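The values are calculated or read from the model by the stated rules, or taken from the named source; none is laboratory data. Here the structure is a predicted model, which means the values were calculated and not measured. For neighbour counting, all protein chains shown are included, and Cβ atoms are generated from backbone atoms with ideal geometry for every residue, glycine included.
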Amino acid sequence: MTVYIDADACPVKAEAEQVATRHRVPVKLVCNGGLRPPANPLVELVVVAEGPDVADMWIADHAGQGDVVITGDIPLAAKCVANGARVLRHNGEALTEANVGAQLAMRDLMTDLRAADPFRQGGGKGFTKADRSRFLNALERELRAAAAQGSGKPS
């Protein structure tokens with residue numbers, strides 16, 4: 001079991017490290033650079049080449065059954081779910097086989113709407129303390145479930 005973090009714009013890196021360390025689970029921070037190497041021996045900084053989606057492709061190629069992926073990138077989440085990984089957004093929302101298709105379709109629709117109306121304004125909601133708290137609880141649940149799944153115990 002490994003926690004993979006799409007780290008370039010992740011607001012919960014420290015929280016993920018804290019929870020994973022408590023469970024003694026290795027963490028891979030995957031980015032294009034610009035992050036300090038962590039002091040925690042359980043956390044590895046993986047710097048990939050510059051370019052669009054290079055970090056995403058690396059995570060998708062490595063994450064699989066029993067792993068947990070933290071990302072806000074829906075196409076990456078869909079690939080990781082298909083590989084059997086558990087996926088969490090930064091706000092603690094789990095992306096699963098049951099909901100990732102709808103999330104991907106909504107993302108594509110919003111991309112098309114923005115392209116059709118260049119004056120369309122708006123953005124995502126701000127990241128709140130409640131989102132951070134939901135993330136911590138969700139990661140705790142996912143790590144416990146992944147550990148139970150790996151040991152053959154019911155989750």
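Considering only segment 67-76, state which residues are at pLDDT below 95 and outside any loop (DSSP other than H, G, I, E, B).
Selection gives Ile74, Pro75, Leu76.
Within segment 102-148, track down each residue that is of a type outside the set (A, V, I, L, M), modelled with pLDDT under 70 and surrounded by 12 or more Cβ atoms within 10 Å (Cβ to Cβ).
Residues satisfying the conditions are Arg107, Asp108, Arg114.
For Gly84, only one of the following conditions fails: (1) modelled with pLDDT of 80 or more; (2) buried (at least 20 other Cβ atoms within 10 Å of the Cβ); (3) not charged (D, E, K, R). What is its number?
(2)
From Gly92, Gly84, which residue is under 21 Å from Gln149 (Cβ atoms) and in contact with a Lys or Arg (Cβ under 6 Å, 6 or more places away or on another chain)?
Sole residue among the options that is under 21 Å from Gln149 (Cβ atoms) and in contact with a Lys or Arg (Cβ under 6 Å, 6 or more places away or on another chain): Gly92.
If you take the residues of segment 6-52 that are touching a residue at least 60 places away in the same chain (Cβ under 8 Å) and assigned to a loop (DSSP other than H, G, I, E, B), which of them is surrounded by the most Cβ atoms within 10 Å (Cβ to Cβ)?
In this case the residue turns out to be Val12.
Report, ordered by the first and then the second residue, all pairs with beta carbons closer than 9 Å, sequence separation of six or more or different chains, a first member in segment 77-88 that is touching a residue at least 24 places away in the same chain (Cβ under 8 Å) and part of a loop (DSSP other than H, G, I, E, B), and a second member that is among the aromatic types (Phe, Trp, Tyr) and surrounded by fewer than 22 Cβ atoms within 10 Å (Cβ to Cβ).
Listed pairs, sorted by first residue: none to list.
Can you tell which of Ile70, Ile59, Ile74 is closer than 17 Å to Arg141 by Cα and surrounded by 14 or more Cβ atoms within 10 Å (Cβ to Cβ)?
From the options Ile70, Ile59, Ile74, the qualifying one is Ile70.
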